Structures are given as structure tokens and as C-alpha cells.
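Single-structure report; data block below.
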Amino acid sequence: MAGVLDGVRVLDFGRYIAGPYCGALLADLGADVIRIDKLNGSEDRFVGSVGDDGTGAGYVQMNRNKRGITLNPTKPEGRELVRKLVETADVVIANMPAEALVAAGLDYETLRGYKEDIIVTNATAFGDVGPYKDRVGFDGIAQAMCGSVYLSGSPEQPQRNISPYVDFATAMSSTIGTMAALTEKERTGKGQHVTANLLCNAISMVNGSLIEQSITGINRIATGNRGQVTAPTDIYRCKDGSMLMQVIGNPLFERWAKMMGEEHWLTDPRFKDDLGRGENSEEISERMAAWCSERTVSEAIGACEAVRIPCGPVYSPQQTIDDPHVQAMDFLKPLEYPGFDGAALVANTPVNMSVSQVGIRHRAPLLGEHTEDIMTELGLSADEIAVLREKRVV
């Protein structure tokens, strides 16, 4: 099977997640994605080091299926190489503020001067308008500013999510935008500037809470893991661990009350709908907590599954790896990487296609692993490449 993006070339100047994971998804779909590193390795390469050379866990995930080169675009010769690369490319990815893009010569106006139909996909922290447009930021900043952190944890201790979900959402939005731009280019021959930012993606994911606030002025505060507009929705401690349950809607609540053997919950007017149950969720959660405390996780989940109530165990990372369903899905792909003590379990593309090939084909590149090959593709001789190496351009 052919990949959807076979024949498409992407230059990936991205760092951390929002840019590189967009590049990874495009590579999973068949694009020839070239990761462009600083000469000594870009900073995101070494976060969460698990390899002998300092290579980080995130780098291995974000850069599968890519080729890798080293390049210094701030030197004149480096700018010329960027021009040559852009002339061969369809898409350029970068995630940095507008001023930094201009300084690196990676802004849309500069790159479209090299190739008129180029697509430039740019992810930033705060977008390109407004008083914060030139600020730098990470996932956690967007979590904090969208209201999510305030509504998580407790009023005394707001809680960010350890998983950088805003970064991943921004990468996926960027991928959608890039795919749409490629479709438009095929239709009209025109390139364009695709932009996404962390704050807008974060706000999109908590928009329900913002809509509620704007209409009702309710001023909700954090309630830990306990649901605010449904119940029982919470994490419950069992004899040997914890489980999470989510009961949403009257049919599920009816099944829950019958499972508990306490159908009087169904006639209490306080619990007649999700909103009422959310407002009185503490009482419902206390009853569910008492029920779970008398059972193991397996017993509690088994009883819930028997009546089709959504629930699941709270896993450690090792338990996730060991779960028989996770293993049956074959979603975590073992990839060997030089200097790693064992294979890295890299999450595959989170979408399947019945006709087109999609997924992981090979590991992330070593630092500058394909510099020689790609410079040769650009028409440079071995002597010219050697000179560029001497000058610390590549």
C-alpha cells in the first residue's frame, strides 16, 4: 500500500512536540520528512534522556520515520542551503514566535520568495496577534491560562496535567491544517501559511466550561477528580488499587442505581438529571467510594462491566505496557535505537486506514545521520560538503 503523502517533502525545523509531532504524523502518512538539527543537537533531542548519547524518550517518538541532518541556518552558507532545501520541498514546519522566525530566515514571506507555492506551518504559544504574540511558552503555560489548571486539583493546590496534551492537540491541529493546505495546493497550485497555537487549542478543549461561565457566571472551583456536571464520576480507591468511573446520562445512572441495589436514588429529585447529580456529586461519590472500598479493582470493574457502566483501572506506566488489551492492539511499536538498553516502545499513528499505508516504518535518525545523503541530493560534491563541515555550517 502507498502512503497518502508519498512524494511530499517536509522540512521540519520544529522543536519539542507541537512542531515535531506534526512532522511525525505527516511522515507516518508517507511524506519524506527531514528533521533539521543544530550542529550539536537541538535542545529537545535530550529531554528525558534514556540513551548513552543523551537522546531523550520524546525525541524518539516525535522523529520516527524522519531523516535527519544538521544545519546552521544563521550562517550565509546555511541560508543558501535552506533556500536549496525549500526549493525541493512542499512544506516547512517551525514552531517559534514570528520575530524568531524572521531572525532565522524561516518566516513565510522569506520562504515563499524561494518557492512561491511553499506551505509554511507555524505553531506558536500565543498566536500572531495580541499583546502576548512574541512571548515564548510551553504546554503547561497554556493549560494554566485556559482555566484547566484552576479547575483541576483542589482550590488550595491547582494541578496541571503531567501529559502535555495541549502540545499534542496543537500538533494535530497543525497536521489537519497542513493536509488541508496540501489539498488546496493540489486544487489551485497555491501555497499558504498555516498557523496554530497552544492557547487556542487549550481553550478549545475547555470551551464547555468557558461557555457555561459566560452564560451562568457560576464560578466553579476545583473538585479534585470528582465530576462537576455528572455523578458518579470520580476516582475510587479499592482494596488493591484505584479505578475511574464515569456515569453520564439518565440510562447509565439508572443502571448504576440498580447495580448498587438502591433504586431510591432514581426517585430523589436532587438526582433527576446530570446537572442535579453534578451539584450533589459529593454524596453520590461517597456512596460509590464505600462500595469500591469493599472490593478489589477487578471485582469493581467486573461488576460495572456486567451492566455496561464505563470504568477503568488507574494504571502505572508499567501496568499500561503490560495490559493485555494494549498488547493485543499492537499499538506500542518496539524500535531499536543505537545506545538504548532495549527497544523503545513508541506509540504508533493513532488512526488506521483501510487502503492507504500509515504508521511507523523506522526509528528516529541519529544526529546528522542523513546529512551527507541529503546534501548530495541537492547536488553538492563530497569536497563541497567537507568545506561546509569545516565551516560548521553542517
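The values are calculated or read from the model by the stated rules, or taken from the named source; none is laboratory data. Small disclaimer: the values here were computed from a predicted structure and weren't measured. For neighbour counting, all protein chains shown are included, and Cβ atoms are generated from backbone atoms with ideal geometry for every residue, glycine included.
Considering segment 1-96, the qualifying strands (runs of 3 or more DSSP E), each wholly inside and each with 2 or more residues that are out of contact with any helix residue (DSSP H, G or I) (no Cβ under 7 Å at 6 or more places or on another chain) and at pLDDT 95 or above, run over 32-37.
Within segment 284-299, being touching a residue at least 12 places away in the same chain (Cβ under 8 Å) and out of contact with any strand residue (DSSP E or B) (no Cβ under 9 Å at 6 or more places or on another chain) holds for one residue alone: ARG287.
Scanning segment 37-55 for residues that are without any contact (Cβ under 8 Å) to a residue 40 or more places away in the chain and crowded, with 17+ Cβ neighbours inside 10 Å yields SER42, ASP44. Number of residues in segment 232-268 that are in a loop (DSSP other than H, G, I, E, B), over 13 Å from SER285 (Cβ atoms) and not aliphatic (A, V, I, L, M): the value is 7. When you scan segment 327-343, do you find a residue that is of a type in the set (Ser, Thr, Tyr) and assigned by TED's automatic domain parsing to the domain that holds MET243, even just one? Within segment 327-343 (the criterion being of a type in the set (Ser, Thr, Tyr) and assigned by TED's automatic domain parsing to the domain that holds MET243), the answer is no, since none of the residues qualifies. The set of residues from segment 309-342 being closer than 20 Å to HIS362 by Cα and either among the hydrophobic types (A, V, I, L, M, F, W, C) or part of a strand (DSSP E or B) (or both) comprises MET329, PHE331, LEU332, LYS333, PRO334, LEU335, PHE340. Sub-7 Å Cβ pairs linking a first residue in segment 178-199 that is small (Gly, Ala, Ser) to a second residue that is modelled with pLDDT of 95 or more and loosely packed, with under 11 Cβ neighbours inside 10 Å, at least 6 apart or interchain, are GLY191/GLU116, ordered by first then second residue.
When the residues of segment 174-231 are filtered to those that are aliphatic (A, V, I, L, M) and part of a loop (DSSP other than H, G, I, E, B), the one that is nearest to PRO164 (Cα to Cα) is VAL206. Among the residues of segment 298-320, are any under 31 Å from the mean Cα position of the chain (by Cα), loosely packed, with under 15 Cβ neighbours inside 10 Å and basic (Lys, Arg)? Yes: segment 298-320 contains one or more residues that are under 31 Å from the mean Cα position of the chain (by Cα), loosely packed, with under 15 Cβ neighbours inside 10 Å and basic (Lys, Arg). LYS190 - would you say it is over 22 Å from ASN225 (Cα atoms), modelled with pLDDT of 95 or more, charged (D, E, K, R) and surrounded by fewer than 22 Cβ atoms within 10 Å (Cβ to Cβ)? Yes, satisfied.
I need the full set of residues from segment 171-224 which are in the same structural domain as ASN95 (by TED's automatic domain parsing) and acidic (Asp, Glu), in order please. Within segment 171-224, GLU184, GLU186 qualify. The condition of being touching a Phe, Trp or Tyr at 6+ places or on another chain (Cβ under 9 Å) and surrounded by 20 or more Cβ atoms within 10 Å (Cβ to Cβ) holds for only one of ASN63, ASN122, that being ASN122. Scanning segment 147-166 for residues that are more than 21 Å from GLY19 (Cβ to Cβ), under 22 Å from the mean Cα position of the chain (by Cα) and among the polar types (S, T, N, Q) yields SER148, SER152, GLN159.
Does THR175 meet the test of being under 30 Å from GLU286 (Cβ atoms) and surrounded by 17 or more Cβ atoms within 10 Å (Cβ to Cβ)? Criteria not met by THR175.
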